[in-house]
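What follows is a single structure, written as structure tokens, with notes after it.
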Amino acid sequence: MRTDRTLAALVVVLTCVAISPARAEDAPPPAPTASDGAWSHTRFTVALPAEVTVVGLTYGVRPEVLYRFGDRGAVSRLRLAVGFLDGPDQLFIPLSLGYRAVLRQAHRIRPEVGAGVELQHRLVSDFPAVRQYGVYVEGGVGVAVDDRLSLGLVVAIDVMLYGGPGLGLGPRVFASWQL
Amino acid sequence: MSATPLALASLLTAGCWGAPVDQSPVCATYVHCIDALDRTANQTTNLDRYVDGGACWGNPELARGCTTSCRRTLERLRTREPTLPLECAP
Amino acid sequence: MKRLSLVLLMVLARPALAHTPGKLLASSPYLVANPADSYALFGVFKTGHERFVVQLSHVERFAAPVEIFVPHVDALRAHRPAYAVVGPGLPAPDAAELAALPAPLPIGWGAVVESNQVSPRPVFFESIMRRFFWTSESLAIVFPQGPSEIWVWSPEHTTGKFGLGFGVEEGGGYLAALDDWSLYAY
């Protein structure tokens, strides 16, 4: 019951933080200049989110790679992620491919929204792996710590369409690093 | 109206919850067996879930559970009842 | 437009069919409101000596699958609760089953006893709650016309959670699971 309450509180806090509108006026934008080396960044960003899945309890990490379409400041990214999450009854390995928009990049606080497809594997020792296919949507906010590093919160909802119906909720905290 | 949204919706529905499946042979035997036992005892049983087109066959997951229940119950009956009707034979 | 409405109805109505959740307490019987629906009732053996009772009343003889299941976690590997459907008109149990029952059988009642000893232990994945369970495997039980009961007990006095499922996912009201999320979800 205590775990239940803790999880519920975590979900509420993360959800509130994630959906709160970012306030650009909170901080001045870290405006890069041609001389500070920022333009030498590649289009790739790597992130390490730590996640708890609320439906079908598991916890672990879901590393992701983001590829930015366009020059620095472009909104759109291709997202590829694979998770390794363990729980009391299963090992959960989701694979995601999707789109993410990172908004207001000239500001320190940057809302993120995305959607994509997901293949979920669930493993136990004495049963064949369960595979489900579906879609996800995500929303959150990142806070730029410096020119490359961001920290943030994302909440993702997935709906499995094949392999058994299911609706999932996964709050994440992440650190991302622009390569 | 275009057929595309219909097809998409049908695909989504079938994908989400699985398309209906045929009644399994072992459950067909189960239904016939219970029917035969009922005739002997002059009674009737609601077998709606197990008959062809019943709720058991709404998707593959349900069908697996129902088929298991038919198989196990027939095995029990055959072990415990020495004089079963022919309809209950494997 | 009619076809579109039909498709929408299909899409919206189908997910409404699932087991109706419920909470079993050893202190009082669970009265099944609509025995033609399907239910997934969850309880917890705290001492291992409890007997959980589910009361049903069918308007006709009624065949439905019944199973008992336990969360697939290491701590419950040896936890194998048993159940019996008991009532007038059910077959007489054999001596071993009669001895296994957790309470004396009322006069004139029969019983279908499931000792939950299938080996290797079957597993199933429940996609709504995204959980794995060990199951007794279903039996297709013919409930008698009139009153009957399902008794659940722990033969080895093991403790822990369990679920009792009956019917073919034809119930509603599954949002009631939100009332006691930890019981159903973890």
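For the reader, a short list of remarks on this structure follows.
- Test set (1) away from chain C (no Cβ under 12 Å); (2) touching a residue at least 24 places away in the same chain (Cβ under 8 Å); (3) over 19 Å from A:Val54 (Cβ atoms) - A:Tyr99 fails condition number: (2)
- Of the residues B:Thr40, B:Thr29, B:Thr79, B:Thr44, the single one that is more than 9 Å from the chain's Cα centre (by Cα) and surrounded by 17 or more Cβ atoms within 10 Å (Cβ to Cβ) is B:Thr29.
- Of the set (1) in contact (Cβ under 8 Å) with a residue 12 or more places away in the chain; (2) of a type in the set (Phe, Trp, Tyr); (3) within 14 Å of another protein chain (Cβ to nearest Cβ), all apply to A:Phe127 but (1).
- Within region C:108-118, being within 12 Å of C:Ala78 (Cα to Cα) and either surrounded by fewer than 19 Cβ atoms within 10 Å (Cβ to Cβ) or modelled with pLDDT under 95 (or both) holds for one residue alone: C:Gln117.
- The set of residues in region A:129-140 that are over 21 Å from the mean Cα position of the chain (by Cα) and either over 19 Å from A:Pro165 (Cβ atoms) or surrounded by 19 or more Cβ atoms within 10 Å (Cβ to Cβ) (or both) contains only A:Val130.
- C:Trp153 fulfils the conditions (1) surrounded by 24 or more Cβ atoms within 10 Å (Cβ to Cβ); (2) more than 13 Å from chain A (Cβ to nearest Cβ) except for a single criterion, (1).
- For region B:1-36, a residue qualifies if it is modelled with pLDDT under 95 and within 9 Å of chain C (Cβ to nearest Cβ), and the qualifying residues are B:Met1, B:Pro5, B:Leu6, B:Ala9, B:Ser10, B:Leu12, B:Thr13, B:Cys16, B:Trp17.
- Scope region A:98-145; condition under 30 Å from C:Pro120 (Cβ atoms), touching a Lys or Arg at 6+ places or on another chain (Cβ under 9 Å) and not in a strand (DSSP E or B); matching residues: A:Asp126
- The condition of being farther than 13 Å from C:Ile141 by Cα, at the interface with another protein chain (Cβ under 10 Å from one of its Cβ atoms) and free of Cβ contacts under 8 Å to residues at least 12 places away in the same chain holds for only one of B:Thr44, B:Thr83, B:Thr79, that being B:Thr44.
- Some residue of region C:168-183 being among the hydroxyl-bearing types (Ser, Thr, Tyr), more than 11 Å from chain A (Cβ to nearest Cβ) and either surrounded by fewer than 19 Cβ atoms within 10 Å (Cβ to Cβ) or assigned to a strand (DSSP E or B) (or both): no
- Residues that are in a strand (DSSP E or B) and of a type in the set (Gly, Ala, Ser), drawn from region A:80-97: A:Ala81, A:Ser96
- Qualifying residue in region C:124-135 (condition: over 27 Å from B:Asn59 (Cα atoms) and not charged (D, E, K, R)): no
- Scanning region C:38-57 for residues that are in contact with a His (Cβ under 9 Å, 6 or more places away or on another chain), part of a loop (DSSP other than H, G, I, E, B) and surrounded by 19 or more Cβ atoms within 10 Å (Cβ to Cβ) yields one hit, C:Ser38.
- Of the residues making up region A:38-79, those that are in contact (Cβ under 8 Å) with a residue 60 or more places away in the chain and part of a loop (DSSP other than H, G, I, E, B) number 6.
- Unmet requirement for B:Arg72, which otherwise passes all of (1) of a type outside the set (Phe, Trp, Tyr); (2) without any contact (Cβ under 8 Å) to a residue 40 or more places away in the chain; (3) not in a helix (DSSP H, G or I): (3)
- Flag for A:Gly87 being within 14 Å of chain C (Cβ to nearest Cβ), farther than 15 Å from A:Pro49 by Cα and crowded, with 19+ Cβ neighbours inside 10 Å: yes
The values are calculated or read from the model by the stated rules, or taken from the named source; none is laboratory data. The model shown is predicted, which means the values in this text are computed figures rather than measured ones. Neighbour counts are summed over all protein chains in view; Cβ atoms, including those assigned to glycine, are modelled from backbone coordinates with ideal geometry.
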